[in-house]
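Notes follow once the structure below has been shown.
Any read-out appearing in this document is the output of simple, stated calculations on the displayed coordinates, not a laboratory observation. This structure is a prediction, so every number in the text was calculated from the model and none was measured. Cβ: placed from backbone, ideal geometry, glycine included. Neighbour counts: every protein chain shown.
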Amino acid sequence: MSLIRLENVSKIYKTGKVDFPALKEISFSIDKGEFLSIAGPSGSGKTTILNIIGCLDKPSDGTLFLNDTDISSKNSNELANIRRYNIGFIFQTFNLIPILTAFENVEFPLILKGNMKQKDRKLLVEEILTEVGLKDFMFRKPSEMSGGQQQRVAIARALIKQPKMILADEPTANLDSKNGKEILQLMLQMNKRTNTTFIFSTHDRMVMDFALRIITLKDGQIHRDDKRR
């Protein structure tokens, strides 16, 4: 059983009186535990696919399945609950809350999710921040950390609620090559350890080199679908 399945998904954006087809009858599936990159030039539709898989946007046509359940027609509250319990996000601009420490940023999704005692939250946050190499930076605010450290906080925040999948939009865009490589190695390590599915939207060759599967888009359609190993 696939984790995510798209069947004939299309997305049309209206710009004034003009319809712009961002996706044209896309179909593919993603299994649990994949480490996958959706690649292609700007305007190819890769961010649109990520937004649809992440329940941030809806298809104009076609069907999106999560664990074989059709979620295409869910309302905004239902989609918010799907995101809360199933999906973690990593953004190229980190999107950390500037007034909160690394610890508080990572703890925040657990507070929103509820049903966990403060003592248990503390142990879990400390464990995952240590795992991503930030044991000595837990109580620093984003402005007191490097870009690579902030992205590690973002990874910890995405993983803390143990989602079924992590969606990362250009996760290395604001990092130098050294930090970018370290972040990708860390995410691959987490993928192998937790069997969490990672899906990237990128045109960065380094990200594609790490990916175990690359779906390449061109003009809103699948151009290639390559499994590396």
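Return the percentage of antiparallel bridges among DSSP beta bridges fully within the chain, rounded to the nearest 5 %. Of the beta bridges lying entirely in the chain, close to 55 percent run antiparallel. Rounded, prolate or oblate: pick one for region 139-188, where a ≥ b ≥ c are the square roots of the eigenvalues of its C-alpha gyration tensor, a/c under 1.5 means rounded, and failing that, prolate if a/b is larger than b/c, else oblate. Because a/c hits 1.5 or more and a/b fails to exceed b/c, region 139-188 counts as oblate.
Each Lys or Arg adds one and each Asp or Glu subtracts one; over the other residues with Cβ under 13 Å from the Cβ of Leu79, this totals +1. On the basis of the beta-carbon distance and an R0 of 30 Å, Gln118 and Lys141 show a calculated FRET efficiency of 0.90. The dipole here belongs to the chain: it is taken about the Cα centre, uses +1 on the Cβ of Lys and Arg and -1 on the Cβ of Asp and Glu, and is about 280 debye. Once the gyration tensor of the Cα atoms in the chain is diagonalised, the equivalent ellipsoid follows with semi-axes of 30, 20, 17 Å, ordered largest first. If the Kirkwood radius is taken over C-alpha pairs of region 2-53, then at 20 °C and 1.002 mPa s the Stokes-Einstein diffusion coefficient equals 176 µm²/s. Comparing Ile155, Ile87, Ile26 in a Gaussian network model of the chain (Cα springs below 10 Å), the most mobile by mean-square fluctuation is Ile26. Between Arg228 and Asn195, the modelled labels are 2.2 nm apart [label points 7 Å from Cα along Cα→Cβ]. Highest mean packing comes first when the peptides 177-184, 71-78, 14-21 are listed by Cβ atoms within 10 Å, giving 177-184, 71-78, 14-21. Let me know the shape class of region 128-229, please: from the alpha-carbon gyration tensor, a ≥ b ≥ c as square roots of the eigenvalues, rounded when a/c is under 1.5, otherwise prolate if a/b is greater than b/c, or oblate. Because a/c hits 1.5 or more and a/b exceeds b/c, region 128-229 counts as prolate. Here the relative contact order of region 179-227, from alpha carbon pairs under 8 Å that lie six or more residues apart, stands at 23 percent.
Full extension of the chain between Ser60 and Lys14 yields a length gain of 15.5 nm, computed as 0.36 nm times the residue separation minus the alpha carbon distance.
Sort region 169-229 into rounded, prolate or oblate with this rule: let a ≥ b ≥ c be the square roots of the eigenvalues of the Cα gyration tensor; rounded if a/c is under 1.5, and if a/c is not under 1.5, prolate when a/b is larger than b/c, oblate otherwise. Oblate shape, in that a/c is at least 1.5 and b/c is the bigger or equal ratio. Each peptide in 47-58, 119-130 gets a packing score, the mean of other Cβ atoms within 10 Å over its residues, and the list from highest to lowest is 47-58, 119-130.
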